[in-house]
Ligand code: GLC
């Protein structure tokens with residue numbers, strides 16, 4: 001690369017750093033924006049935060065039993081058998097993972113639910129053959145925005161992430177799954193809980209540790225929930241048995257962030273333009289794609305890859321957050337896997353810098369969002385708060401957690417030490433089982 005081209009590349013990267021930087025005043029603005037939108041959402045007014053009442057209160061830790069759990073949220077679905085020991089301990093007795101075929105994600109919804117019923121059927125056949133006839137209680141974790149009607153029913157407000165299946169929006173997803181299970185001969189499986197993955201993660205965190213009051217997902221998508229005083233949920237007509245209820249914020253839709261031209265390009269080409277602004281800047285489904293858009297532009301301007309054009313960067317979503325994460329962890333084989341063996345050092349450094357900027361902005365926004373929710377719950381920050389967090393971005397992306405914590409210290413000073421970020425792997429399935437345990441008991445009492 002000539003000297004002048006190298007200079008131009010440096011200028012480009014410096015400009016990029018500006019486009020992706022989040023200043024302290026931006027971070028403070030996120031907190032203010034969150035508090036305003038949380039208040040509007042809870043009151044039932046127009047807001048980018050839907051603040052959905054979950055009908056789920058605080059678990060006691062004494063919930064007990066064996067439950068089936070179905071987890072749908074990304075490109076895989078999982079069926080689990082969860083065992084709760086009644087003393088805050090939970091284990092997964094069996095688990096199977098199924099890849100969701102593309103047509104099930106995008107064609108008629110009935111196909112998707114028939115596929116899910118098929119997964120449950122094959123799980124029961126494999127792991128619990130002898131017990132096939134008895135009634136089974138299922139906890140359904142459905143990781144999309146659902147307007148809950150009860151703890152076990154609710155309508156899909158709108159698909160997020162990569163899903164577009166037709167005939168599901170506006171429908172009760174628990175009823176759709178029940179119908180598919182009946183068609184499959186699984187009429188003896190009863191859905192006792194329909195929960196968002198954040199709610200499951202928080203309940204599981206709280207089942208084990210009562211100081212846990214917030215659940216966060218930082219994976220393919222991103223979202224959070226927390227315990228709210230039921231009296232503060234103005235739009236919830238009640239009654240509810242407990243003074244606290246978990247509210248699913250659907251924070252992925254928060255829309256008061258400073259978007260740049262790459263964010264705009266990504267949004268315009270997405271299946272849900274104009275929605276999920278925060279999710280598109282933060283979550284694992286999108287970080288690789290933002291980086292790809294930058295790399296493509298640099299490639300077109302001849303600022304990267306002197307030898308020519310690399311097809312990987314022309315195909316949407318072909319470059320992933322996992323690639324970025326591996327690169328950030330020093331795994332150089334990724335270059336060869338992408339067809340970029342023998343890439344000059346400067347090109348490698350430029351790609352690493354792009355990944356660093358994109359992931360750093362994500363961690364800053366996530367850290368500020370957590371600070372916003374905790375200070376909403378307790379402005380003085382005098383108590384300890386544990387935040388249960390699940391998702392590969394938090395768990396695996398090198399430096400991500402450290403950057404989130406650094407932002408929280410920047411915003412809250414020493415008081416940030418009150419907030420513990422606790423990894424909560426598999427929490428959503430376990431938590432959904434806890435919710436099912438409470439619901440199954442309550443419905444028996446009512447019957
Ligand atoms: C998306 C969904 C939300 C879910 C999150 C994490 O944001 O809308 O319901 O919790 O992804 O899976």
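Give me the distance in nm between label points sitting 7 Å out from Cα along the Cα-to-Cβ direction at residue 415 and residue 322, one decimal.
Result: 4.1 nm between the two label points.
Any chance you could give the angle, 0 to 90 degrees and rounded to 10, that helix 197-208 forms with the longest Cα principal axis of the chain?
Rounded to the nearest ten degrees, it is 70.
How do 207, 286 rank when sorted from fewest to most other Cβ atoms within 10 Å of their own Cβ? Don't skip to the answer; put the middle values down first.
Numbers: 207 28, 286 25.
By the 10 Å Cβ count, ascending: 286, 207.
With angles folded into 0 to 90 degrees, how steeply does helix 173-183 sit against the dominant principal axis of the chain? Use alpha carbons for both and round to 10.
Orientation of helix 173-183: about 70 degrees from the principal axis.
How high is the relative contact order of the chain? Use alpha-carbon pairs under 8 Å, at least six apart in sequence, and give a whole percent.
Averaging sequence separation for qualifying contacts and normalising by length gives 22 percent for the chain.
Just rank 426, 337, 3, fewest to most, by other beta-carbon atoms within 10 angstrom.
If I rank by nearby Cβ atoms, fewest first, I get 3, 337, 426.
Percent relative contact order of segment 56-116, based on C-alpha pairs within less than 8 angstrom and at least six residues apart?
26
When only Cα pairs under 8 Å and 6 or more residues apart are kept, what is the percent relative contact order across segment 27-157?
Over segment 27-157, the number comes to 23 percent.
Where does the chain land at 222 nm, in deg cm²/dmol rounded to the nearest 500, when only DSSP H runs of n ≥ 4 count, each adding -39500 (n - 2.57), divided by all residues?
Values: 15 runs with 200 residues, N = 447.
Dividing the helical sum by the residues of the chain leaves -14500 deg cm²/dmol.
At a 10 Å Cβ-Cβ cut-off, how would you order 159, 251, fewest neighbours first?
Lowest to highest Cβ neighbour count: 159, 251.
Just the Cα atoms of segment 113-249, one point each, no solvent: what log10 I(q)/I(0) does Debye give at q = 0.15, 0.18, 0.19 Å⁻¹?
With no solvent term, the Cα-only Debye profile gives -0.86, -1.14, -1.21.
Rounded to the nearest 10 degrees, what's the angle between the helix 109-127 long axis and the longest principal axis of the chain, both from Cα atoms, 0 to 90?
So the inclination is approximately 70 degrees.
May I ask you to order 327-336, 81-90 by the average number of other C-beta atoms within 10 Å around their residues, highest value first?
The packing order, highest mean first, is 81-90, 327-336.
Each value in this text was obtained by applying a stated rule to the coordinates, not by laboratory testing. All figures in this text were calculated on a predicted structure; none of them were measured in a lab. For neighbour counting, all protein chains shown are included, and Cβ atoms are generated from backbone atoms with ideal geometry for every residue, glycine included.
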